[in-house]
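Before any comments, here is the structure.
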Amino acid sequence: MKTFLMIAALVSLPAASAAAAPELPQRGVPDTCSVTVSFGSYAMGIDRPALERTERLLKRDRTVRRTSSHRWGREGEMTLCAITRRPADARRLFQRVKAALPRDPRGPITIETHDGLSHTASRPMR
């Protein structure tokens with residue numbers, strides 16, 4: 001009987017800790033982002049040239065009020081947050097960033113707008 005109780009307690013432990021963990025905004029990124037661009041990794045780091053290109057694009061865009069970066073992974077994974085002046089600016093910025101992404105990025109890159117547009121660029125399955 002003691003063995004059964006120990007096994008039951010061990011099995012329920014991960015479920016209890018998962019239920020107790022608070023849900024964070026997208027990898028610690030504020031909810032106020034008009035557009036987010038997340039750079040993931042396939043166990044070999046993120047696509048640095050794509051990150052740098054995206055950072056330059058966001059810095060030069062006059063409709064972007066401010067940007068911030070949020071690191072969340074061990075291999076350089078991070079999310080860029082851009083806050084635009086108007087919702088229409090976010091949709092236009094989404095299209096600009098999407099067009100600037102490489103066809104075959106080193107790691108997955110996901111763009112999302114606050115109002116629900118989403119696109120992921122990733123390597124094709126081989």
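For the reader, a short list of remarks on this structure follows.
- Assessment of segment 74-84 against the conditions (surrounded by fewer than 17 Cβ atoms within 10 Å (Cβ to Cβ) and more than 18 Å from Arg48 (Cα to Cα)) yields no matching residue.
- A Cβ distance below 7 Å, combined with a sequence gap of six or more or placement on separate chains, defines the contacts here; from segment 45-67, residues that are closer than 19 Å to Pro102 by Cβ reach residues that are part of a helix (DSSP H, G or I) and β-branched (Val, Ile, Thr) in the pairs Thr54/Val97; Leu57/Val97.
- The residues in segment 42-59 that are farther than 23 Å from Asp31 by Cα and open to solvent by 30 Å² or more (accessible area, probe 1.4 Å) can be counted, and the count is 7.
- Count - residues of segment 110-124 that are small (Gly, Ala, Ser) and in a strand (DSSP E or B): 2
- Applying the criterion of at least 2 residues that are at pLDDT 90 or above and within 20 Å of Ser122 (Cα to Cα) to the strands (runs of 3 or more DSSP E) found wholly in segment 8-101 leaves 35-39, 78-84.
- Among the residues of segment 85-120, the ones that are open to solvent by 50 Å² or more (accessible area, probe 1.4 Å) and among the polar types (S, T, N, Q) come to 3 in all.
The values are calculated or read from the model by the stated rules, or taken from the named source; none is laboratory data. These figures come from a predicted structure and were not determined experimentally. Neighbour counts are summed over all protein chains in view; Cβ atoms, including those assigned to glycine, are modelled from backbone coordinates with ideal geometry. With ligands, DNA and RNA removed, areas are computed over all heavy atoms of the protein, side chains included. Shrake-Rupley method; radii C 1.70, N 1.55, O 1.52, S 1.80 Å.
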